[in-house]
Amino acid sequence: QVQLVESGGGLVQPGGSLRLSCVASGSIYSISFMGWYRQAPGKQRELVAGITSGDSTNYADSVKGRFTISRDNAKKTVTLQMNSLKPEDMAVYYCNAVLEMTYGSMLRNYWGQGTQVTVSS
């Protein structure tokens, strides 16, 4: 099986920074995509930032210039550096990975359990 374990959420004041990390473990051959989604109360889950195995990145317009996603393929980790946080960034953040468990197998989608980010003074 595959597990994604997140860390780094918490409470921060507006304008502050947080760093989220996610590590994938288990039966993994390769990870084609890793990303961070978020879901605020009453809203749909949305992609915040994603990164491919080739290090191509994409960001939600609302976080461009403030958030930076990076990954370490060898360690199977993805990190989201969040700067200049705003109250509207407050949500549960979920790590996502699209991966092959064995060579040539079907791509599978996995999620972490979520970590709360609270932005408040």
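When Gly15, Gly9 are screened for being open to solvent by 50 Å² or more (accessible area, probe 1.4 Å) and in contact with a Leu (Cβ under 8 Å, 6 or more places away or on another chain), only Gly15 passes. Checking each residue in segment 92-108 for being more than 23 Å from Ser7 (Cα to Cα) and of a type in the set (Phe, Trp, Tyr) picks out only Tyr103.
For segment 9-101, list the strands (runs of 3 or more DSSP E) that sit wholly inside it and hold at least 1 residues that are polar (S, T, N, Q); which are they? Outline the logic, then answer.
Working: elements: 10-12, 18-26, 30-39, 46-52, 57-59, 67-72, 77-82, 91-100.
Ranges flagged: 18-26, 30-39, 46-52, 57-59, 67-72, 77-82, 91-100.
Hey, among the residues in segment 93-121 that are without any contact (Cβ under 8 Å) to a residue 60 or more places away in the chain and not polar (S, T, N, Q), which one's nearest to Ser21 (Cα to Cα)? It comes out as Met106. For segment 32-47, a residue qualifies if it is over 14 Å from the mean Cα position of the chain (by Cα) and among the charged types (D, E, K, R), and exactly one does: Lys43.
Residue count for segment 92-121, restricted to those that are closer than 15 Å to Thr79 by Cα and at pLDDT below 95: 0.
Do we have any residue at all in segment 70-79 that's in contact with a Gly (Cβ under 6 Å, 6 or more places away or on another chain) and modelled with pLDDT of 95 or more? No, because not a single residue in segment 70-79 is in contact with a Gly (Cβ under 6 Å, 6 or more places away or on another chain) and modelled with pLDDT of 95 or more.
Would you pick out the residues in segment 74-110 that are loosely packed, with under 12 Cβ neighbours inside 10 Å and among the aliphatic types (A, V, I, L, M)? Step through it out loud before you land on a result.
In the first step, residues of segment 74-110 are kept if they are loosely packed, with under 12 Cβ neighbours inside 10 Å; the result is 74-75, 87-88, 102-104, 106, 109.
Those that are loosely packed, with under 12 Cβ neighbours inside 10 Å and among the aliphatic types (A, V, I, L, M): Ala74, Met106.
Scanning segment 19-73 for residues that are among the aliphatic types (A, V, I, L, M) and open to solvent by 30 Å² or more (accessible area, probe 1.4 Å) turns up Val23, Leu47.
The values are calculated or read from the model by the stated rules, or taken from the named source; none is laboratory data. As the structure is a computational prediction, the values presented were derived from the model and not from experiment. Here the Cβ is made from the backbone with ideal geometry for all residues, glycine too, and neighbour counts use every protein chain on show. What goes into the accessible areas is simple: the full protein's heavy atoms, side chains included, and nothing from ligands, DNA or RNA. Shrake-Rupley method; radii C 1.70, N 1.55, O 1.52, S 1.80 Å.
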